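**Q** This is the structure I want to talk about, given as structure tokens.
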Amino acid sequence: MTLSIGTRLNRNVLVYKGIQPRILVDGNNYEDASLYRSRGGYRELDDEVAFLNDVSASGLRGRGGAAFPVAVKLASVRTAAGDSVVVANGEEGEPTSVKDRWLLRHRPHLVLDGLRLAAQVVGTMTAVVYLSDSPARDRVEKALEELRGDASFGLQVTVVQVEPSYVAGEETAAVQAINGGPALPTDKPPRPFEEGVAGLPTLVNNVETLANLALLHQLGPEGYRRVGTDNSPGTFLMTLSTAAGASLCEVPFGVTLREVLSWSGIDPDGVRGFLMGGYFAGVIGPRALDLSLDYDVYASAGTGLGCGAVIILDEETCAVATSAAVMTYFGRENAAQCGSCFNGTSAMANVLESLRDSAADLAELDRLKRWSTFLRGRGACGTLDGATNVAASLLREFPDSVEVHLRGACPSCETGKFPSYPPYGVSYAADDV
Ligand SMILES: Cc1cc2nc3c(=O)[nH]c(=O)nc-3n(C[C@H](O)[C@H](O)[C@H](O)COP(=O)(O)O)c2cc1C
Ligand code: SF4
């Protein structure tokens, strides 16, 4: 039996104790252009080189999953010859994350301001907002309507909406879709910064990254660095899910999950582990409670923050069943373009489902272990890396749970309480704008 562990977004948006909110400044209210301007937005940018230096000094890193330094990407597109394009990536294919849709629905001007700044730095007037959420599209179009005739904005923005899918937000899928093709990843090279939309060098940044670029313009690099850590400055949006529901939280880098959970009223000692970065970074045991929320600390621990989605595995939730559900998702949602990914994800899902049902043997586990390293780095996009992360992290972090399943005695799985599909997917209804 599969009992539903679905999660619905709590209407409250939460700002971590003791910090000035940067993004979640006004609950769920819509911020129009004049309110955004009154908060310091759309200030003229008179020196692109100085601003690019500020971006570098701020240490701003991308919020789309890979934490790539924003200044490096801006500089590569700026130095490319000829015209270029900038893309705000708000597709948010990760089912456990709602932060990008929230931003586009509630603070579209913060994203558009970041897009304008990025465009000015790379030297273009051509921009695309790429998304899949209809309420987000309505709000972005409303925001653009408010800017119509405003010479100080001056950017040509096209909104491109696609059907949501796990891979549609990957940057080459975004480029291919904007160019009129299917929203599926393509082989690299070329990468979008070399050849992207209409064959031009293209800057693809996540919408939360662009929101931070606009905040950095207002705060300056020192002000920006006032919260966070040296390597992960600022705050980030965390979609925090339990079996009971999900919340959107603005959290400073550098605090720990133990602190975040205690602050949000969840007993850290009742936690069995986490599913990190949405599905991408795999599972981790309670040792994550005391890691500093910092991109590099998480990477050194063999996991990742990804897009900032954190799922709490409570005492009743089995890490094997969770990993099996996520791998089944990868097996169904991969783009079926690359043999290694198409076959590898379903082969790993078969072993994990069989382990969950206490039907796997040691030979199958050995194969899973081998695949979890051998398949890494294959396929056109990073999906197979996410899938191998899930398998490898389960074997590394939860050997006791694996052992219990080999013996056929997992009390959690005996209840039949497995995650629904997509596992821990957060629903964000259209009327929850
Ligand atoms: C399978 C896959 C799915 C992705 N989905 C998204 C997505 O939904 N949204 C997003 O912003 N980035 C997504 N990314 C990352 C993008 O490829 C790209 O790195 C990102 O948009 C760059 O923005 P950033 O540098 O501001 O983080 C995905 C990557 C992979 C491998
Ligand atoms: S790696 Fe997987 S998800 Fe990515 S393009 Fe290939 S088949 Fe599709």
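**Q** Between a residue in the range 276-304 that is in the same structural domain as L384 (by TED's automatic domain parsing) and any residue that is modelled with pLDDT of 95 or more and of a type in the set (D, E), which pairs come within a Cβ distance under 8 Å, given they are 6 or more apart or on different chains?
**A** Short answer, once both residue conditions are applied: none.
**Q** Check F342 against each of (1) hydrophobic (A, V, I, L, M, F, W, C); (2) more than 18 Å from E397 (Cβ to Cβ); (3) surrounded by fewer than 24 Cβ atoms within 10 Å (Cβ to Cβ); (4) touching a residue at least 24 places away in the same chain (Cβ under 8 Å) and name the one condition it does not meet.
**A** (4)
**Q** Also, quick follow-up: Can you find a residue that is more than 25 Å from F51 (Cα to Cα), free of Cβ contacts under 8 Å to residues at least 12 places away in the same chain, within 16 Å of ligand 2 (Cβ to nearest atom) and not acidic (D, E) anywhere in the range 253-273? Write out each step before concluding.
**A** Going through the range 253-273, the residues more than 25 Å from F51 (Cα to Cα) turn out to be 254-273.
Filter once more, keeping what is free of Cβ contacts under 8 Å to residues at least 12 places away in the same chain: 259, 262, 265, 267, 269.
Those still in the list that are within 16 Å of ligand 2 (Cβ to nearest atom) too: none.
No: the range 253-273 contains no residue that is more than 25 Å from F51 (Cα to Cα), free of Cβ contacts under 8 Å to residues at least 12 places away in the same chain, within 16 Å of ligand 2 (Cβ to nearest atom) and not acidic (D, E).
**Q** Moving on to the next point. Please go through the range 389-421 and give me each residue that is in a loop (DSSP other than H, G, I, E, B) and modelled with pLDDT of 95 or more, ordered by number.
**A** F398, the sole residue that qualifies.
**Q** Now, a different point. Given the criterion without any contact (Cβ under 8 Å) to a residue 60 or more places away in the chain, more than 16 Å from ligand 2 (Cβ to nearest atom) and not polar (S, T, N, Q), identify the matching residue among A33, A67, A71.
**A** On the way: A33 fails: without any contact (Cβ under 8 Å) to a residue 60 or more places away in the chain; A67 fails: without any contact (Cβ under 8 Å) to a residue 60 or more places away in the chain.
So the residue among A33, A67, A71 that is without any contact (Cβ under 8 Å) to a residue 60 or more places away in the chain, more than 16 Å from ligand 2 (Cβ to nearest atom) and not polar (S, T, N, Q) is A71.
**Q** Tell me, which helices (runs of 4 or more DSSP H) lie completely within the range 290-388 with 2 or more residues that are closer than 30 Å to V251 by Cα, within 14 Å of ligand 1 (Cβ to nearest atom) and not basic (K, R)?
**A** 319-333
**Q** Can you tell me which residues in the range 362-391 are away from ligand 2 (no atom under 14 Å from the Cβ), small (G, A, S) and in contact (Cβ under 8 Å) with a residue 12 or more places away in the chain?
**A** S372, A391
**Q** Also, quick follow-up: If D83 satisfies every condition in (1) in a loop (DSSP other than H, G, I, E, B); (2) within 15 Å of ligand 1 (Cβ to nearest atom); (3) not small (G, A, S) but one, which is the exception?
**A** Exception for D83: condition (2).
**Q** Spot the failing condition for A359; the list is (1) more than 22 Å from G277 (Cβ to Cβ); (2) within 16 Å of ligand 2 (Cβ to nearest atom), and only one is missed.
**A** Only one criterion is unmet by A359, namely (2).
**Q** C413: in contact (Cβ under 8 Å) with a residue 24 or more places away in the chain, within 25 Å of G306 (Cα to Cα) and crowded, with 18+ Cβ neighbours inside 10 Å, yes or no? Even if it seems obvious, please write down each step before you answer.
**A** Working: in contact (Cβ under 8 Å) with a residue 24 or more places away in the chain: yes; within 25 Å of G306 (Cα to Cα): no; crowded, with 18+ Cβ neighbours inside 10 Å: yes.
Answer is no for this residue.
**Q** Further question: Condition first: touching a Lys or Arg at 6+ places or on another chain (Cβ under 9 Å) and of a type outside the set (S, T, Y). Now tell me which residues in the range 349-385 satisfy that.
**A** A349, V351, A380, C381, L384, D385
**Q** A further question follows. Among the aliphatic types (A, V, I, L, M) and either within 16 Å of ligand 2 (Cβ to nearest atom) or under 24 Å from G114 (Cβ atoms) (or both), is that true of V227? Explain how you work it out, then say what you get.
**A** Working: among the aliphatic types (A, V, I, L, M): yes; either within 16 Å of ligand 2 (Cβ to nearest atom) or under 24 Å from G114 (Cβ atoms) (or both): yes.
Here the answer is yes, as V227 does meet what is asked.
**Q** Restricting the first residue to the range 95-107 and requiring it to be among the polar types (S, T, N, Q), which pairs with a second residue that is within 16 Å of ligand 2 (Cβ to nearest atom) meet a Cβ separation below 6 Å and a spacing of at least six or different chains?
**A** As it stands, the answer is T96/G278; S97/G278, since those pairs meet every condition given.
The values are calculated or read from the model by the stated rules, or taken from the named source; none is laboratory data. Being a predicted model, the structure only gives us computed values, none of them experimental. Heads up, the Cβs are rebuilt from the backbone with ideal geometry, glycines too, and the neighbour counts pull from every protein chain shown.
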